[in-house]
Structures are given as structure tokens and as C-alpha cells.
Amino acid sequence: MKSGTFLMIGESIPRIDGDAKVTGRALYVDDLPAPPGLLHGATVRSAVPHGVLRAIRPDPAFDWTGVTFVTAADVPGRNVIALLQDDQPALVPVGSRIRHHDEPVALVAARDRRHAARAARHVLLDVEPLPPVLDPESSTHVFQEHAVRRGDVDAALASCDLVIEGTYRTGAQEQMYIEPQGMLARFDQDGVCRVTGSMQCPYYVLKALKAALGLPDERVVVTQAVTGGGFGGKEEYPSVIAVHAALLALRARAPVKLVYDRAEDVAATPKRHPARIHHRLGLMRDGTIVAADVDLLLDGGAYVTLSPVVLSRAVLHAQGPYRIPHVRVRGRAVATHTPPHGAFRGFGAPQVTFACERQVQKAARALGLDPLELRRRNALRPGDTTATGQTLRESVGGLAVLDAVARAAAAPAPAPRAPEGHRRGRALAFWWHGAGFTGSGEERLRGRATVAVARDGAFEVRAASTDIGQGTLTIFAQIAGDALGVPLEAVRVIEPSTANVPDSGPTVASRTCMVVGGVVAEAARRLAARLRAWAAARGLDAADPAALAAAHAREAGEAAETVAYEPPPGVRFDDATYTGDAYPVYGWAACLVEVAVDPDTFEVAVERCVHAVDVGKAIHPVLVRGQVEGGTLQALGWALWEDVLYREGRVANPRMTDCIIPTAREAPELETILVEEPYPFGPHGAKGVGEIPMDGPAAAVAGALEDALGVAVDELPARPELLERLCR
């Protein structure tokens, strides 16, 4: 069995799931065949941001025949959504506090969605309103604090020739995945709870169901249906809707489907954390960066959810990809009475990258230096040490991405999209992104994957990593097929179900290809060696791996190799002091944006976007480009158009007609450059790519707007109203 025989690595082969998706054969949760007796669920939600729930009363004027009704009193286990901290109830109990608008209070299920929705409207809540805390600056409830310190920042700033000081604000952002949240729950005759739905992390959902239902591992099975996008929005929240569907199914003794419409999804689910960043950057006259002092505040919303890990990544990325001898970063995430904020592509890094790159752009202008040269002069290089004390040893692609963008920028630009008379500007941004979990997270999790010869003789990849549109199924098949020496059609990647796959960890943090893909490759190599040894012991020819697998299945049955992740040698992080190797490796990226601004309406057209990303190795270049281009467009949307509006703690624009995202009309032609600085411990040199394209383009947009209009754009989104106010 010879690795690489079929030349799949680095080739853009057809997606395994492509035909099913474009022909409509792929079954999303709302397409699944209806089991007998299916009921449809609906959620009763609070209408105040803060208050005490005094009573829940079914309206006596409504006909409740055939309607299942569930409150917190019906939760058989612990009334929590188990995640990092058990502070969020599955349903608010009578006598307890409502902590955000649209918080789940009760559940109903009926024979059809319309009837369930009517029933939900006839559940009456007696609530004693309380004053809400809606401004994170005034919150005294701190979820988490983190800090990074290096050197003597105060003394260093005092010695600098120039200190740039600024305060930056970024807003919430809705993930706006194609398919809203949805789950289907049922109980077998033997009492096993089976939940299928749209999700990123089956084992997160399993943990939450076990806690709320009070059931052991063997009596809960979670399966991912085909999932129409996630972007972090289907990391933690599917646990909520899965618990709700299961509670209804348990009470009704019937299967229950609970699928949100778009308005409910936007109103109730977590979004990107709004942030306020105060940043001081000290430089010498020649452009050398000496010190950075960063104070970060994240609005966590009503419950902890994933705020600690978002804050952690934000704090660790706040210095930017720069060699800075004196660094102080202080970060905290606080509670407010808005719906919880949670994971969104980049989680924490886009907010601090925006602030850092605005500072560097202002410094270049103040010193009269070329912005590209200022970044090159201060960029981290191999052998440099970060603020946490991590020495960068390999796959350091900072200069390579800057050079790639510079070469592209020197080429002729595309034809202008906007007419003459518009005010034009251009700017650069440069950033990094740690791949995988922060610190010792991967070591603690030790995600596992299995590669097996199944009973029918086919090779199987078994992992809990989900395909949410990014191409996991195809990439895992490529990696395993290469290691086994078999063509793609000889490998199948089975659906992630907790009954059949080990816990590979969540599909988050740019870890699927780099971390789990590496585990898949090792399991495949071990299986190949095991089959060769089995063949040698019997005098069989091992030249045809597929035939050998079929022979093993006939004579000896299944063969499987399960491998757990092992961190690269020498990687150590101290979670208590926040020092050491924060990530095993970093991705690096740079982006050039050119904008045209209408001088009358202040509408902005992005005329050019050149984006270079160091991905280590592109296992499937078309899929990797798709990740970069999708993340770039999300970042441009966050910069210019996407504005989640809160009024008294409630999302005021929960529909796609007014919570807008960029369309093909707004999207520029994206010039994507893949830079490959291989990471020795990733499969074939690959490292994470899912998060990094989101982090920096917004800063480039703001810099280009400043170049065009002559005003500092330090707040996102830069809607026309903001630009008009800044200019006039």
C-alpha cells in the first residue's frame, strides 16, 4: 500500500456530497421523513429583558385538546443547558428570574406548526419586570477575566516617540446560516432518546441531553442531519433546541420536531460578541513598535455560554502578529440582559484585530511611513517570541502573505465598479490566527477518530467532526484514501452519530482538518500496516489494498484503528499564568481593500479585495478557496452592512429584510491567494483555515474608508449613517 498513489492530496476532486446537495436528495432536518405520530413544537418566550416569573397560565379560552404543554417542572434531570458553566436553565422556573428577551419559558407541541404556534401565543405569563442592565460598561457581573503581560508597558510607553491611542467598538453579528436551527427527537420503546438535527458538535448535544433528561450515555443517541451552515451558531445553541424537543417528546410520548423560523432564530440565538477595545500603541520614530496596552470588554449577554473561550482567544490575539517587547492585555466578559452571545467564526479575534490594525494604520500615517513597510518591519518571524513567551519555530508565513498581497496590488486593478466622482481609498490589514484549541485544550480533549475495514469490506472513517458545508466529508476521504493507498470511492465517511463515532471534539476553532484530519491520517496508516501484517502472515498479496480489505472482512470480520490526538513535542501552556505555547501553530493573512464612497449618500462599494492566507497545505484547493472567500464576504458584511439592532434588550430587526447580509450585488471579485508554509504536524502540512479569513478584512475596509474620507472609522458596521455623521 503506497501512500499518494492516487494523487488526491492537493487536488480539487468532486465533493462527495455535491451531487446530493445540488439535486435536492440531501435530507436536512426539516426534510426527514415524518415518523408516525409526529408533533411539531413551539417555544413560549419572555417578552421582557429582566423580571421575575410569577406564574405560567394556559389561557382557559383556548382549546388545549391534543396540545402537549411543558414547563421547568417537567424537566426530569437538572434544569440546565450543560456547557462550560451550568448557569442557563432549559426553561425558566416559576419564581426565578427572566434574564433576557425571548428567553424560553415553556414549550408546546401540536399536530401541525400552525396549531403549535397558536397554542404558544395562548400561554399567559405573569412577570414582575425588573430594571435591565443593557450597557456592558455598567455591568458588575463579570463572567470571565483573562490577562497577558510581558515587560514594563508603562515605562516603555513613556519612552516612546509616538503613542497612538484609540477606542474601538464592534457590534453583534448574526451568523445567518442558510438553514435555521432544528431538531427531531423521539424515544424508542426501550427508552433510548434519539435526537437528529442541524448541529456542529454532536457530543455537546449529548452532554446537554444527558444532564436535562437524567439519562446515562447508552440511553441517548445524537446524530447530525445534513446541516446548512453553522459559522459557530450551531456550536452551543443546538443543545437548547435538542433539550426542548426531547422534553416535548418525553411528555407527549411521541416524536417531536422543533424547527425555528428565521425571525425566531435571529431573535433568540447567540451572535458575535459586541466589543469595546481601548488600545494604546507605542512606537519609535523609525516605526519600531515598542509597547501595546489593550483593555477589552465583551458583552456576554445573559448567560456564560462560550464567552470564556471567546475572551481567551481575543486576549491572545490582541497584540497582533507583531514583535512587541512590552505587552499588557486585560480582558473581561460581562453579563447584560440581552440574549447570550456565543461563537461566531473567528470568535474574539476579529474584534481585537480590528482595533490592532486600525492602530497600526494610524501609526503609519502619523509617522509618514508606508503601511506595508511598517508591518513588514515589525512582523513576527521564525525564532521570535510572542507576548505569552511562545517561540515561533515553523510555518511562520507572515512575510509571505504580505509579499503576496504586495505583488497582487502592483498588478492592474479591475475596472471600477462605482462611477466617477466617488471618493476612493485603499488600505491593508495583516493578522494571525491560532489554529486549534487554545493552550492545553487539545491535550485535555484528546479527540479521537477511527479508520476501519467495515464488515462489507469498505474502508470507513468514523469521526464526530461534522460537515456543515466546508467539505469535511471530502477532505477526510482524501486524507484516509491517501494513507491507505486506495481511491476515493473505496472510502466512506459515515454520518456523525454518537452511537457509531468516537468523540473527535467539536467542529470549531479551525481544528477539523489540522487536528482531526491528522488523527484520521495516523489511524489510516496504522490500519494499513495492520492489514499488511495480516496479509504477510497468510502469504497474501498486499498490492491491492481494497481487495485485501475485502478478504479481511470475509475471513476475520471488521478491523479498526482508533487514534487519539497527541500534541506536538514541546508544546506547553500554563492556563493559570497564560504563558507558553498558546497554539501549536498560527495561520497568517493579509488583505488589501479598495473602496469607493458615494459623496452624497455615503454608500460604500468594495471595488477590490485581495486576500492572501497561509494555509500550510491546501488539501483541496477549491474547498480552501471557498472557505477564504466565504469568510472574506462575511467580514466585509460585518464591516459595512450587518447591523443587529437592540431596543430594550430585544433584537429589533430579526428578519433578513432588515438584518441584511451582503448579496452578489455587493460582493466584489475576490482575489484569493493561497500561501503554503507547511506545518510539520498537520496532515501533509495543512493547518486551520476556517476562521482566519474572517479576522482582518473589516480593518482593511475601515482603513480604506479613512483614506477616502479623511476621517477615522473606529466603529463597526460603518453604515452610511455613521460615515455621514463622522464627515459632517
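The values are calculated or read from the model by the stated rules, or taken from the named source; none is laboratory data. These figures come from a predicted structure and were not determined experimentally. FYI the Cβ positions are ideal-geometry reconstructions off the backbone, even for glycines, and counts take in every protein chain you see.
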- Query: Restricting the first residue to the range 450-476 and requiring it to be of a type in the set (D, E), which pairs with a second residue that is not in a strand (DSSP E or B) meet a Cβ separation below 7 Å and a spacing of at least six or different chains?
  - Reply: D456/A553; E460/A454; E460/I494; D467/D17; D467/L473
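On the basis of being in the same structural domain as V226 (by TED's automatic domain parsing), surrounded by fewer than 22 Cβ atoms within 10 Å (Cβ to Cβ), in contact with an Asp or Glu (Cβ under 6 Å, 6 or more places away or on another chain) and within 18 Å of A268 (Cβ to Cβ), does V80 make the cut?
So V80 fits the description; yes.
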- Task: Only helices (runs of 4 or more DSSP H) wholly contained in the range 336-446 count here; list those with 2 or more residues that are surrounded by fewer than 18 Cβ atoms within 10 Å (Cβ to Cβ), of a type in the set (D, E, K, R) and at pLDDT below 95.
- Result: 441-445
- Message: Given the condition surrounded by 18 or more Cβ atoms within 10 Å (Cβ to Cβ), among the polar types (S, T, N, Q) and not in a loop (DSSP other than H, G, I, E, B), answer yes or no: does some residue in the range 643-655 qualify?
- Response: no
- Message: Tally up the residues in the range 179-220 that are closer than 30 Å to N653 by Cβ and free of Cβ contacts under 8 Å to residues at least 60 places away in the same chain, please.
- Response: 1
- helices (runs of 4 or more DSSP H) wholly inside the range 659-728 containing at least 2 residues that are touching a residue at least 60 places away in the same chain (Cβ under 8 Å) and buried (at least 22 other Cβ atoms within 10 Å of the Cβ): 692-695, 697-709
- Note on the structure: Among residues of the range 476-501 being assigned to a helix (DSSP H, G or I) and of a type in the set (G, A, S), the residue surrounded by the fewest Cβ atoms within 10 Å (Cβ to Cβ) is A490
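Condition check ((1) among the acidic types (D, E); (2) touching an Asp or Glu at 6+ places or on another chain (Cβ under 7 Å); (3) surrounded by 13 or more Cβ atoms within 10 Å (Cβ to Cβ); (4) farther than 26 Å from A639 by Cβ) across all residues:
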| residue | (1), (2), (3), (4) |
| --- | --- |
| L130 | no, no, yes, yes |
| V133 | no, no, yes, yes |
| E137 | yes, no, no, no |
| H141 | no, no, no, yes |
| R149 | no, no, yes, yes |
| Y168 | no, yes, yes, no |
| A172 | no, no, yes, no |
| M176 | no, no, yes, no |
| M183 | no, no, yes, yes |
- For A529, are the conditions met, namely being of a type in the set (A, V, I, L, M), farther than 30 Å from R511 by Cα and without any contact (Cβ under 8 Å) to a residue 24 or more places away in the chain? no
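Name the residue, out of A549, A543, that is farther than 28 Å from A427 by Cα, surrounded by fewer than 16 Cβ atoms within 10 Å (Cβ to Cβ), over 21 Å from the mean Cα position of the chain (by Cα) and not assigned by TED's automatic domain parsing to the domain that holds A704.
Exactly one of A549, A543 is farther than 28 Å from A427 by Cα, surrounded by fewer than 16 Cβ atoms within 10 Å (Cβ to Cβ), over 21 Å from the mean Cα position of the chain (by Cα) and not assigned by TED's automatic domain parsing to the domain that holds A704, namely A543.
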- Message: Tell me yes or no: at least one residue of the range 456-472 is among the hydrophobic types (A, V, I, L, M, F, W, C) and within 17 Å of H684 (Cβ to Cβ).
- Response: yes
- Item | Looking only at the range 90-111, and only at residues there that are over 18 Å from L53 (Cβ atoms) and over 33 Å from the mean Cα position of the chain (by Cα), the one that is surrounded by the fewest Cβ atoms within 10 Å (Cβ to Cβ) | R111
- Item | Filtered residue count, the range 292-314, keeping only those that are over 17 Å from the mean Cα position of the chain (by Cα) and not in a strand (DSSP E or B) | 2
- Message: Quick check on my filter: what residues within the range 557-605 are acidic (D, E) and out of contact with any Pro (no Cβ under 7 Å at 6 or more places or on another chain)?
- Response: E558, E561, E566, D574, D575, D581, E594, D598, D600
- Of P419, P487, P502, the only residue that is over 21 Å from the mean Cα position of the chain (by Cα) and closer than 30 Å to V597 by Cβ is P419
- Query: Conditions: (1) buried (at least 23 other Cβ atoms within 10 Å of the Cβ); (2) in the same structural domain as A523 (by TED's automatic domain parsing); (3) at negative phi. G471 meets all but one. Number of the miss?
  - Reply: (3)
- Note on the structure: A267 fails exactly one of (1) free of Cβ contacts under 8 Å to residues at least 40 places away in the same chain; (2) surrounded by fewer than 24 Cβ atoms within 10 Å (Cβ to Cβ), namely (1)
- Item | Total residues in the range 116-135, condition closer than 30 Å to L39 by Cα, touching a residue at least 60 places away in the same chain (Cβ under 8 Å) and out of contact with any His (no Cβ under 7 Å at 6 or more places or on another chain) | 9
- Query: Of all residues in the range 78-98, how many are under 16 Å from Y237 (Cβ atoms) and touching a His at 6+ places or on another chain (Cβ under 9 Å)?
  - Reply: 2
- Query: If you go through the range 155-165 one residue at a time, do you hit one that is within 30 Å of D261 (Cβ to Cβ) and at pLDDT 95 or above?
  - Reply: no
- Go through the range 111-224 and tell me which helices (runs of 4 or more DSSP H), entirely inside it, have 1 or more residues that are more than 30 Å from T579 (Cα to Cα). 113-121, 202-213
- With respect to V624, is the statement that it is of a type in the set (V, I, T), within 28 Å of R448 (Cβ to Cβ) and in a helix (DSSP H, G or I) true? yes
